[in-house]
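The values are calculated or read from the model by the stated rules, or taken from the named source; none is laboratory data. Keep in mind the model is a prediction, meaning the values are calculated, not measured. Note that we place each Cβ from the backbone using ideal geometry, even for glycine, and neighbour counts take in every protein chain shown. The area values use the complete protein model at the heavy-atom level, side chains included, leaving out ligands, DNA and RNA. Shrake-Rupley method; radii C 1.70, N 1.55, O 1.52, S 1.80 Å.
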Amino acid sequence: MRVAIVGLGRMGHAVEAEAHRQGHEVVASLSGRAADQLVAEQFSHADVAIEFTRPDTAAANVERLITLGVPVVSGTTGWDAQLPRLRELVTRRSGALLHAPNFSVGMALMTKAAALLSQHLTNLTEFDAAIHETHHRKKVDIPSGTALALQRTLRAANPTREFPISSSRVGWVAGTHTLSLDAPFETIELTHAVRDRAVFAAGSLHAAAWLAGRSGFFTFHDMLFGGPS
């Protein structure tokens, strides 16, 4: 697979390293700081672009890539409000976009398990339910996109609960998310902890290979499970 990487931060470098490890060809590595600097010639040999930039630049970058006819896998979080507009653009252009706040298979499985627990909380009023997420001190968006996605899934499974989120930004934690169910005499916790951001790089490359030849707007759950979380 021929990959263009948009974004040269920690995740961009992790994707590049993982792509080389898997034997993919990296045909371009671009900063993505200004969407108007992304031009067709840079992607002429790319099968897909993988975008990990910043919340304030992601929408413009993705819009530019779709306009250029490049299939896009986007993992930047913190810009969900603009996704409906990009979904419409994908439809108009017959483009391809797979967006996910988290490319970890383990996190996707945890979300499935958490949704099942959520369904059974309606009448169990003795249990309080909450989400806590911890990330490294340089992460921009609070709460994390993964925590917000988990919250949406839990609320969809059980509209009677709010599932509040608390956040920590400390040290160099790649990402930890915990759903806690606490009652007077017992506690249940589901936790997903990332040991290395290479897991996100591997997941994004898996998504890129899956997206090739498809058109439409997709999520990581679509790829893994054939439908939304």
Inter-centroid distance (Cα atoms) of region 31-102 relative to region 138-191, Å: 27
Charge dipole of the chain about the Cα centre (unit charges at C-beta), most positive-ward option of His135, Asn123, Ala212: Ala212
Charge dipole magnitude, Cβ of K and R +1, D and E -1 - region 136-179, Cα centre, debye nearest 20: 120
Nearest 10 degrees, 0 to 90: helix 145-157 Cα axis against the chain principal axis: 50
Exposure ranking of Ser168, Ser118 by accessible area [1.4 Å probe, largest first]: Ser168, Ser118
Tilt relative to the chain, helix 83-93 - C-alpha long axis, 0 to 90 degrees, to 10: 40
Listed residues Leu86, Leu224 arranged by accessible area, highest first, probe 1.4 Å: Leu224, Leu86
Phe225 accessible area, assembled protein chains, probe 1.4 Å, Å²: 80
Highest average packing first - 10-19, 34-43, Cβ atoms within 10 Å: 10-19, 34-43
Surrounding net charge for Val3, when Lys and Arg each add one and Asp and Glu each subtract one, Cβ distance under 14 Å: -3
Rounded if a/c under 1.5, otherwise prolate or oblate - the chain, Cα gyration tensor axes: prolate
Gain in span if fully extended, Ser166 to Gln82, counting 0.36 nm per residue against the direct Cα distance: 27.9 nm
Full-stretch length increase - Ile142, Leu89 - with 0.36 nm per residue and alpha-carbon distance subtracted: 16.4 nm
Solvent-accessible ranking of Thr67, Thr77, largest area first, probe 1.4 Å: Thr67, Thr77
Probe 1.4 Å, protein heavy atoms only - accessible area per residue of the chain in square angstrom: 48
Three-way shape label, region 1-44, alpha-carbon gyration tensor, a/c 1.5: oblate
Solvent-accessible area, 1.4 Å probe, carbon plus sulfur percent, for region 135-229: 54
Rel. contact order, % - alpha carbon contacts under 8 angstrom, at least six apart, region 84-229: 35
Extension gain, His20 back to Val39 (0.36 nm per residue minus Cα-Cα distance, nm): 4.5 nm
In degrees, nearest ten, helix 198-211 long axis to first principal axis of the chain (Cα): 60
Whether region 1-74 is rounded, prolate or oblate, judged on the alpha carbon gyration tensor where a/c under 1.5 counts as rounded: oblate
